[in-house]
Amino acid sequence: MVNAEEHPGYGWLAYDWRNVIPACSKCNTYKANQFPVAEQRITSPVQGCATTEDINAHEAPLLLHPYFDKPSDALKFGEKGVVTAKSPRGKKTIEVCRLDRGPFNTARDREQVAVWREVNELMNKGHTLPDAIQILERRCAAGDEPFSLAIIDYLYLRLAEQIEELKARPTAAEKLLATRA
């Protein structure tokens, strides 16, 4: 088995767009040449793996790939921009790219708070809470928001809190019945 230090790289994939992943400079610096895999590494295309898909199927990479994976299956974002893993691959991606570093959490938190303000502005303009969240969720799904997954997770966290708060409040009818009892 070829280990990461001895691996010559994947030169035959240099022009395969699925092998070129945009990443922020910090994440890319932390990742460097790390590419942890669960299975045996492929060292050349003649080993039966000429494409990125072939290699992924054989090597079982431990880092998430934004073209092939659904990040929401592996990562969960909470308040203050905190990220946690929902799977071993999510955990390895957080670890290698250091997605849980303080400044990154702060930036995600700032976006989450800004979007929640927007939810309140939409509600002040007559939208219901679910409609306001859906409007912003569509923007995130379109890729129009930085930290989209962190925002979506946060919006649903806040929506769940609002639902629990509403459940805990007695309705007007319940209040009226309580005064007549």
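One table, with the values for the structure above:
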read-out: Residues satisfying the stated conditions in segment 98-110, i.e. touching a Phe, Trp or Tyr at 6+ places or on another chain (Cβ under 6 Å) and either surrounded by fewer than 18 Cβ atoms within 10 Å (Cβ to Cβ) or in the same structural domain as residue 24 (by TED's automatic domain parsing) (or both); value: 98
read-out: Unique match (being part of a helix (DSSP H, G or I) and at pLDDT 90 or above) among 179, 106; value: 106
read-out: Among the candidates 76, 70, residue that is assigned by TED's automatic domain parsing to the domain that holds residue 34 and either hydrophobic (A, V, I, L, M, F, W, C) or free of Cβ contacts under 8 Å to residues at least 60 places away in the same chain (or both); value: 70
read-out: Residue within segment 56-67 that is touching a residue at least 40 places away in the same chain (Cβ under 8 Å), assigned to a helix (DSSP H, G or I) and farther than 19 Å from residue 145 by Cβ present; value: no
read-out: Filter result for residue 89 (surrounded by 14 or more Cβ atoms within 10 Å (Cβ to Cβ), in the same structural domain as residue 34 (by TED's automatic domain parsing), under 17 Å from the mean Cα position of the chain (by Cα) and in a helix (DSSP H, G or I)); value: yes
read-out: For residue 47: the one exception among (1) closer than 27 Å to residue 149 by Cα; (2) modelled with pLDDT under 90; value: (1)
read-out: Search result, residues across segment 143-169 that are in a loop (DSSP other than H, G, I, E, B) and in contact (Cβ under 8 Å) with a residue 60 or more places away in the chain; value: 147
read-out: Residue among 39, 79 that alone is of a type in the set (Asp, Glu) and either farther than 30 Å from residue 105 by Cα or surrounded by fewer than 12 Cβ atoms within 10 Å (Cβ to Cβ) (or both); value: 39
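The values are calculated or read from the model by the stated rules, or taken from the named source; none is laboratory data. As the structure is a prediction and not an experimental result, all values here were calculated from the model. Quick reminder, even Gly has a Cβ in these numbers, built from the backbone with ideal geometry, and neighbours come from all protein chains shown.
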